[in-house]
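As structure tokens, the structure follows; a few thoughts come after it.
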Amino acid sequence: MRFIHTSDWQIGKVFRQVDDATMAVLQTERLEAIARVGRLAREQRAPLVLVAGDVYDRDKPSDRTLEQPIERMRAFPEVRWHLLPGNHDSHQPNGLWDRLRKKGLPDNIVLHLEPGPQAVEGAAAVLLPAPLTRRHSLADPTEYMDGVATPDDVIRIGLAHGSIAEFGSDGLTTHNKLDPARAERARLAYLALGDWHRQQRISDRVWYSGTPEPDGFDEDAEGRALLVEIEGARALPRVTPLPVGRFRWMTLAVSVNGEADVAALDGRVRGLDAELARVLLHLKVEGALTMHQRVAFDERIAGSIGAALRYLRLDDTRLGITPTAEDLDAIDHAGFVRAAAESLKGKAGDPADPEREIAALALQRLYVLHRRGGAA
Amino acid sequence: MKIRALELENFRKFVRPVRVAGFADGLNVLFGPQEFGKSTILAAIRGLLFERYRSKTEELRRMQPYDSNAAPVLAMEFDLADGRYRIEKRFLHREPYARLTLPGGARIEGDPAEEELQRRLGFAEPGMRGASEASMGIWGALWVTQGASVALPEMVEGSRRTIQDCLESEVGALAGGARGQEIRRATADELGRLVDRRGKPKGRYLEVLTQSVNLKDELLPALRARQQEIAAELDGLQRAEEDLRRATATDEDEADRKALAEAQVQREAAMRLADQLKAAEAALSLAEARAKQTEEEAGRRQKIVEAIEAAAAVVATTTELQTDARARDAALETEVAKLRSAVQDSEARQGDAERAVHRLRAVADLARLEEEILGLEGALQRAGSAQTRVNQLAGQIDAIKIDQASLTRIQRAARQAQNARTALQALATRVTFEIDPSALGRITIDGRPLSGPGERVSVVDEARIEIAAVGRIAIQPMIKDRETLDHDLQKGERELERLLRAAGVADPEEAEARFAERQRLAREAEIAKTEVAAYAPGRPGLDPGPDALAAHVERLRARLSASLAELELSKAPGRAEVERSLEAAAAEARALSTRVEEARGAAVAGEAALRDVQAKSATAQANHGAATAEVQRRRREQEAAIASESDEALARRRDALRQALAAATAERERIARTAADANLALIEARIQRLTAKQAQRRDHIEHVRSVIQGHRIRIGEREGEGIDERIARGERELAQLEEEKAFLDREVRVLQLLDAELTAAERTAKERYMAPVVTRIRPYLQQLLPGAAIECDENFAITAIQRDGKPPELDRQSGGTQEQIAVLTRLAFAELLVDRGKPAAVILDDALVYSDPDRMERMFDILTHAARKAQIVILSCREALFQGLGAKRLGIEDL
């Protein structure tokens, strides 16, 4: 059997780190990811798509948010979508899944709101879903799978959402813990997991598909889905990662100390991706520049590169300014403006001055104002 | 600039053309009293130079002569670096003009003339309302009108520019120039977009602050509350659904239904038993009623027998009573008749006694009346004699004509006659005889012999002394005013004579005696009158006096006679005797009255006894009749009863009924014991409880269903709004606003610091280029106020003066010092301008009036020093004050 394993669509997600325009694009793109998964299934002739939890980002979405992914899935009638409630959209009485049920769903969408075996692919396979009924669950929802009896030749596929105890990125998580040996214990041919946004192989039979569309600077990876092919009940599955994401979220920390560094940074960022417009970059800069260089930095990096990228989040709090004599001469050789510049330079260079950072910025501002006036 | 001459015509009080000329290069002074118009001179210069010749402003109209519309004509000659100029203007005329003659004689007219003048002197075109401090520029500061000299020069834009132009040429590089100003302005603009002048946020900064507070404190809490509400609704729904599941569970309901059916069967049985009991009780009551009826019949028959016996006894007793009463009645009637006649008898005697008493009282009244009459008659007699004496005395008093007034007049006339005589005697010729006694008889005087040998005679009239045998001696006394004196004497004696005659007396002595007699008589008459009043004093209804009293006595007498006739008496008996008889008669009357009462009492008692006997007799008779009738009625009753059922039959029937009653009672008791075991009330309570429980369950289910429905509706209304998403969006917005706020906070601090640094740097730079002004003022100031320092701000305003290291405020300086400093500042400006090759001159109008002589001397030195470079014109009405200045004196001359 062949199916697509995906998870963590997080429809309705709100993005704090980006501006409104970018957020609108990101939200649209998350929905588009569903269509891309659908097209992938069509291309790969995979009649099933297993969504391992977190279709929605919140458990009380608006009606529009609730219906948007349903409508995307409806557009692929040849594909059966098996949806599992995750921790973000756990199944609670009268919750969003009940709302969906009440509204009525297209035939190609199957909700797995109760644990228990579900025959798929005729009777060749059995799906063992482990839906979450609350955001934080202390029990392992997959445990029941061990006790479900099926004929030996039936392929058992687990579908669950949570952290594998040993592998979690944060060892502190104590809820929604899944047993890493579940696949063996429950004689599963494959355990399709969701929760981690970065794709990850746990074992031959256990995979996190990752989110199809990344949503944070800490997920420095492409959005992907998995094509899973299983020959028989005990055969090892063939698992193929396939890209479906549009945007890339990246974080870059660099040290800049001079014009050459600025130029290098320019080149490096431009080389990040062939299509800069699909990159969201969190750029952390440290080092020290002269006022002249700082202007160049602002123009090349914050200005030009910022315009080329989908979004640039620039953290320059650790990028210092070291005014030179030439900088000051550029402002004025004499006169009261030069006197003010000297005074600010003194303050900025005095480690004891509580206003030193402000003074440095003020000096930079004076420099910019002067240049602007000069250009005018 | 050096002013050389000034001409005025039709300018305020200068109607005829005048000219002020002879201005020196240095110090000039124009004296004149207050009304002389020296202030007009400055007004003329300012008007001529700075007002447009075509202008018709109110200010210009004030330049016209008083009560006239004549057109002012002004002209001035002055020197600038390139030579002499002459400017002439005519204002408020149909054909106004402006003419400027340039060095070398070229002349410009009209607007070009004015423009050229503006350019040469460096002032601005006046506005619609005429020249102002702003348009006059530095001249407004240098040419000060009266009273304004106390204040420091107000550096309006124009004047500051002029001074700055002077300074920048020297130290321009230091100031930073126009680009520096541009940067300052740009900084201030950027800052001004974020905060106001007091540093309060505005614009986007304020928006960010307001919005983040609004989000944090209002929108987000409201959304979270909404979220809680929805969560609560969901919880409520879940609980209600659980509730419904429990309520619709079948087990409990089935048990209740069974228990109810059982209880209903029990109730049926209990109700049957209750019916049986009711029937037994009815039988028992019937038996009781029958038994009771026979018992009552037996009792009734017994009572009839007893009644017959009692009535027969009454008949016997009453017969006896009636006999007794008849006998007593007859005896009592006789007795009562006797008592009644005794009462009549004693009443008649009592009447006689009362009448006797009455008559005796009338007689006693008469006796008292007669006594009174006798008393009054005695008094009347005495009053009458006293009245007679009064009348006699009145006659005697009337006979005496002398009264107090006439006596006084007589005495006065006698005194006057005596005085006249004495006056005459005082002037008489005194003749003294010293005659041998033997010769006495031979000598007579006026025919009268001498009385003695040493007689002295006062001669008034002609006197003749005859000496027998000797002859006669005539003495003719010469008395001055003799006739007048004689006349007075005679007049006095005549008057006295007349008065005496009228009074009927011979001389004044008699008059006095007669008056004394009259007084005595009057006193006696008073006494007699008192006596009359005592005897006939009068009282209410009776006037005082003997006449009224007599009439009263007469009336009493008449009354007495009438009463005597009425009582058939010839005279009134003695009072004592009458009163004794009265007392005796009254005593008898009282005794008889007592006796009447006693007789009446006896008669009443007798009558009562009689009535009592009669009543008893009647009662006995009535009782007798009634008792007889009762006996007969009861006998008939008895006979009727026996006729219907004999006494024996009745007794047998009663026994049978008593047995039946006992049986019925036993039956009822038996049924009641059985019924007590099946308590119908308890069974019904159980049925009620079970029924209610079922109803409650139904209600509860219905209620829970409606609650569920309510929750579903509310959730349905709200779930679609996506509250979680809205909160997430709100939180995102807040985070972004806070980020922006941090950015703007820093931005404001950066701009504020930059602004402060630029301001400070500029101030320092200005202080440096202000130095030339300060340098020029300082020597003057030190001369005026030894030890003083000066600060001057970028607007050329003197901001502080330090003296001896202490910083006193300029405002606190005395008015005199302030004015002196103000003048120094002007001098320094003028000096600076002249040094820079710009036109300048100082005009002081009535300045330095507050200066003391010492300061004045120092100011003269300073003025003299300053006048080496700039022309100074002083206008003052105080000639004495400026005498020590050594300035060129100017005069106003007619043209």
Scan B:766, B:838 and give me the residue that is over 60 Å from the mean Cα position of the chain (by Cα) and either at pLDDT 85 or above or assigned to a helix (DSSP H, G or I) (or both). B:766
Is it the case, given these coordinates, that residue B:872 is at pLDDT 80 or above and among the aliphatic types (A, V, I, L, M)? yes
Taking the stretch B:740-755 on its own, how many of its residues are facing chain A (nearest Cβ under 9 Å), free of Cβ contacts under 8 Å to residues at least 12 places away in the same chain and surrounded by fewer than 18 Cβ atoms within 10 Å (Cβ to Cβ)? 2
For the stretch A:229-248, check the following and say yes or no: at least one residue is under 30 Å from residue A:155 (Cα atoms), among the acidic types (Asp, Glu) and touching a residue at least 12 places away in the same chain (Cβ under 8 Å). yes
State whether the residues of the stretch B:860-872 include one that is in a strand (DSSP E or B) and crowded, with 18+ Cβ neighbours inside 10 Å. yes
Boolean, residue B:890 is assigned to a helix (DSSP H, G or I) and either aliphatic (A, V, I, L, M) or surrounded by 19 or more Cβ atoms within 10 Å (Cβ to Cβ) (or both): no
Evaluate the following for residue A:262: is it among the aliphatic types (A, V, I, L, M), in contact with a His (Cβ under 9 Å, 6 or more places away or on another chain), outside any loop (DSSP other than H, G, I, E, B) and crowded, with 21+ Cβ neighbours inside 10 Å? no
Picking from A:8, A:54, A:59, A:19, the residue that is acidic (Asp, Glu), more than 30 Å from residue A:276 (Cβ to Cβ) and either assigned by TED's automatic domain parsing to the domain that holds residue A:154 or touching a residue at least 24 places away in the same chain (Cβ under 8 Å) (or both) would be A:59
Consider only pairs whose beta carbons are under 6 Å apart and that are at least six residues apart or on different chains; among these, list those whose first residue lies in the stretch A:92-117 and is under 17 Å from residue A:52 (Cβ atoms) and whose second residue is of a type in the set (Phe, Trp, Tyr) and at pLDDT 95 or above. A:109/A:81
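Hey, could you check the stretch B:230-275 for residues that are within 14 Å of chain A (Cβ to nearest Cβ) and surrounded by fewer than 14 Cβ atoms within 10 Å (Cβ to Cβ) and say which is farthest from residue A:134 (Cα to Cα)?
B:245
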Check residue A:270 against each of (1) within 30 Å of residue B:755 (Cβ to Cβ); (2) among the basic types (Lys, Arg); (3) within 22 Å of the chain's Cα centre (by Cα) and name the one condition it does not meet. (1)
Among the residues of the stretch A:19-71, which ones are under 18 Å from residue B:719 (Cα atoms), within 12 Å of chain B (Cβ to nearest Cβ) and assigned to a loop (DSSP other than H, G, I, E, B)? A:57, A:58, A:59, A:60, A:61
Residues that are farther than 17 Å from residue B:185 by Cα and either away from chain B (no Cβ under 14 Å) or at pLDDT below 80 (or both), at least 2 per element: which helices (runs of 4 or more DSSP H) completely within the stretch A:297-376 meet that? A:325-331
Residue check for residue A:254: modelled with pLDDT of 90 or more and closer than 23 Å to residue A:128 by Cα: no
Could you check, for the stretch B:717-732, whether at least one of its residues is in contact (Cβ under 8 Å) with a residue 24 or more places away in the chain, out of contact with any helix residue (DSSP H, G or I) (no Cβ under 6 Å at 6 or more places or on another chain) and not acidic (Asp, Glu)? no
Output the number of the condition that residue B:725 fails; it satisfies all remaining conditions of (1) in contact with a strand residue (DSSP E or B) (Cβ under 7 Å, 6 or more places away or on another chain); (2) away from every other protein chain (no Cβ under 14 Å). (2)
Suppose the filter is more than 11 Å from every other protein chain (Cβ to nearest Cβ), surrounded by fewer than 21 Cβ atoms within 10 Å (Cβ to Cβ), at pLDDT 85 or above and not in a strand (DSSP E or B); does residue A:287 pass it? no
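What strands (runs of 3 or more DSSP E) completely inside the stretch B:24-114 contain at least 3 residues that are surrounded by fewer than 20 Cβ atoms within 10 Å (Cβ to Cβ)?
Of the strands (runs of 3 or more DSSP E) lying wholly inside the stretch B:24-114, those with at least 3 residues that are surrounded by fewer than 20 Cβ atoms within 10 Å (Cβ to Cβ) span B:73-80, B:83-90, B:97-101, B:107-109.
The values are calculated or read from the model by the stated rules, or taken from the named source; none is laboratory data. All values reported here derive from a predicted model rather than from experimental measurement. Using ideal geometry, Cβ is built from the backbone for each residue, glycine included, and neighbour counts are taken over all protein chains shown.
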